[in-house]
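Accompanying notes for the structure given below.
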Ligand code: OOG
Ligand code: MG
């Protein structure tokens, strides 16, 4: 049985939320704390409830560790998911309003749903729920020191998510199985890959999202965004850089980091 009492879950949610809003890293959970995956999703839910209490809206779901490159980079191999909220949406162009600890960026595919989706669905059924697809960049920013965490830690921290930049929407008749992609930072290619790296086909990630959200007692309502997970390893972001993703058939998306990250005074 879990030793994570409701009080401990609530306190960890506050600690992670404070780390995000102040852009100051927090220590991982100590080893041997019996912090289970199920406790971690409870922390994640409490963390998101705090944001919703501040006026953010739930806009969808992100998948994590759907590619071997991401699993290898972070040393974890279980699929994870996180909740996307409206305050994470970054306009194609800039991320001015966001403060970060040690941000990274990764190339993804984003789905927009036209029908509710939940439970065990085939790729064809998942496809039938898709309104549009777009190339996307995810900004991740672990709230843990040195970007190091256990599986439960990263789940509690809403799968490291910080922001997402979504490009132009395309009708879903594009074959997503093997689209080449190049992610550039300041004009230099830093990651080259293919959408085939996302569980063999990004639609499989959408199926997994539907299954996992149902297991949590939720659904993905019409209008939800689903981020399929990084196709390559993530690249570190520094102040002032410009990032661009070119994806075959789906086009480009990009953003620029502010020149200097403004730090709030320690309180
Ligand atoms: C965890 C988030 C994983 C992905 O796309 O695989 C993720 C992390 O790498 O910090 O977003
Ligand atoms: Mg990601």
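Structure data summary
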{"quantity": "Some residue of the stretch 205-212 being more than 26 Å from residue 41 (Cα to Cα) and in contact (Cβ under 8 Å) with a residue 24 or more places away in the chain", "calculated": "no"}
{"quantity": "Residue in the stretch 133-146 that is over 17 Å from residue 21 (Cα atoms), more than 10 Å from ligand 1 (Cβ to nearest atom) and exposed (fewer than 15 other Cβ atoms within 10 Å of the Cβ) present", "calculated": "yes"}
{"quantity": "Any hit, the stretch 6-14, residues being closer than 22 Å to residue 105 by Cα and in contact with a helix residue (DSSP H, G or I) (Cβ under 6 Å, 6 or more places away or on another chain)", "calculated": "no"}
{"quantity": "Counted residues, the stretch 74-86 - those being more than 11 Å from ligand 2 (Cβ to nearest atom), over 13 Å from the mean Cα position of the chain (by Cα) and buried (at least 16 other Cβ atoms within 10 Å of the Cβ)", "calculated": "1"}
{"quantity": "Close pairs (6 angstrom Cβ cut-off, 6 or more residues apart or separate chains): more than 14 Å from residue 160 (Cα to Cα) in the stretch 63-74, assigned to a helix (DSSP H, G or I) and more than 10 Å from ligand 2 (Cβ to nearest atom) anywhere", "calculated": "66/205; 67/197"}
{"quantity": "Residue 117 within 30 Å of residue 200 (Cβ to Cβ) and touching a helix residue (DSSP H, G or I) at 6+ places or on another chain (Cβ under 7 Å)", "calculated": "yes"}
{"quantity": "Residue 126 vs. criteria assigned to a helix (DSSP H, G or I) and modelled with pLDDT of 95 or more", "calculated": "yes"}
{"quantity": "Residue check, residue 29 assigned to a helix (DSSP H, G or I), modelled with pLDDT under 95 and more than 12 Å from residue 158 (Cα to Cα)", "calculated": "no"}
{"quantity": "Strands (runs of 3 or more DSSP E) fully within the stretch 136-233 counting 3 or more residues that are under 18 Å from the mean Cα position of the chain (by Cα)", "calculated": "161-166, 225-227"}
{"quantity": "Every residue from the stretch 231-247 that is out of contact with any helix residue (DSSP H, G or I) (no Cβ under 6 Å at 6 or more places or on another chain) and either under 14 Å from residue 123 (Cα atoms) or in contact (Cβ under 8 Å) with a residue 24 or more places away in the chain (or both)", "calculated": "234, 235, 236, 237, 241, 242, 243, 244, 245, 246, 247"}
{"quantity": "Leading residue by the ranking (farthest from ligand 1 (Cβ to nearest atom)) among those in the stretch 234-243 that are assigned to a strand (DSSP E or B) and surrounded by fewer than 22 Cβ atoms within 10 Å (Cβ to Cβ)", "calculated": "242"}
{"quantity": "Odd one out for residue 93 among (1) touching a strand residue (DSSP E or B) at 6+ places or on another chain (Cβ under 7 Å); (2) away from ligand 1 (no atom under 16 Å from the Cβ); (3) on the phi > 0 side of the Ramachandran plot; (4) modelled with pLDDT of 95 or more", "calculated": "(4)"}
{"quantity": "Total residues in the stretch 180-196, condition surrounded by 15 or more Cβ atoms within 10 Å (Cβ to Cβ) and either closer than 26 Å to residue 45 by Cβ or touching a strand residue (DSSP E or B) at 6+ places or on another chain (Cβ under 9 Å) (or both)", "calculated": "10"}
{"quantity": "Of all residues in the stretch 203-230 being more than 25 Å from residue 87 (Cβ to Cβ) and in contact with a helix residue (DSSP H, G or I) (Cβ under 7 Å, 6 or more places away or on another chain), the one that is surrounded by the most Cβ atoms within 10 Å (Cβ to Cβ)", "calculated": "203"}
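The values are calculated or read from the model by the stated rules, or taken from the named source; none is laboratory data. Keep in mind it's a predicted model, so treat the numbers as computed, not measured. Neighbour counts run over all protein chains shown; Cβ positions are idealised from the backbone, glycine included.
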